[in-house]
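Below you'll find the structure, written out as structure tokens, and then a few comments.
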Amino acid sequence: MQGLVVGDLRIEAREDETSASVQLVWKGKSNNRHPGEALAPYFREVLAAAGTRRIPIELHFEKLEHFNSSTITSIIQLIQDSRARSIKLILVYDQALKWQKLSFDALRVFARDDLLELRSA
């Protein structure tokens, strides 16, 4: 699986044999005004790979410095798309960072079944 670089954002993709999952590690800043233009096609590829192998996707935000509201919109779309395909999505964040705690606490409204897990690192 390939990673993605969009402006100041870098997503490193790796497969974790231990947890049998695809891990996307977010680094830098997601400050693009229209991140969905790059993220949506990338997420489609990741969902297709995870769906074929029937493994969950973990998004790691612990090393991310910032993301804007447009990025949240892309993440919400990923949550909806993964749920539609019955693919488990795990969002891992740093609760010690106030902006991450607030952002991911707000996303808990989508955690209504076992297909979405929000986990503090």
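All of the numbers you see were taken from the coordinates with simple rules; none came from a lab. Nothing here was measured: the structure is a model prediction, and the numbers come from that model. All Cβ positions, even for glycine, are placed from backbone atoms using ideal geometry, and neighbour counts span all protein chains on display.
Quick one: the Cα spread of the stretch 76-121 along its three principal axes, in angstroms, biggest first?
32, 16, 15
State the extension gain, in nm to one decimal, for the chain segment bounded by residue 72 and residue 31, taking 0.36 nm per residue of separation less the distance between their alpha-carbons.
Working: separation 41, 0.36 × 41 = 14.76 nm, distance 1.09 nm.
Net length gain for the segment: 13.7 nm.
Name the long-range amide H neighbours of residue 90: under 5 Å, sequence gap of 5 or more, or other chain; modelled H, no Pro or chain starts.
Residues meeting the criterion, in which the H sits 1.01 Å from N, are 57, 58, 59, 117.
Apply the a/c threshold of 1.5 to the C-alpha gyration tensor of the chain and tell me whether it is rounded, prolate or oblate. Walk me through the numbers before you get to the answer.
Numbers: a/c = 1.38, a/b = 1.17, b/c = 1.18.
Verdict is rounded for the chain.
Checking the a/c ratio against 1.5 first, then a/b against b/c, what shape does the Cα gyration tensor give for the stretch 45-103?
Numbers: a/c = 2.62, a/b = 1.88, b/c = 1.39.
In terms of gyration-tensor shape, prolate.
In whole percent, what relative contact order does the stretch 31-121 give with Cα contacts below 8 Å and a gap of six or more residues? Kindly include the intermediate steps, with their values, before the conclusion.
Working: 106 pairs, mean separation 28.0, N = 91.
Relative contact order for the stretch 31-121 comes out at 31 percent.
Among 120, 86, what is the fewest-to-most ranking by other Cβ atoms within 10 Å? Mind showing how you got there, number by number?
Details: 120 13, 86 10.
Least crowded to most crowded, the residues run 86, 120.
So what is the 222 nm mean residue ellipticity for the chain from helices alone, if each DSSP H run of at least 4 adds -39500 (n - 2.57) and you divide by all residues, rounding to the nearest 500 deg cm²/dmol?
-12000 deg cm²/dmol
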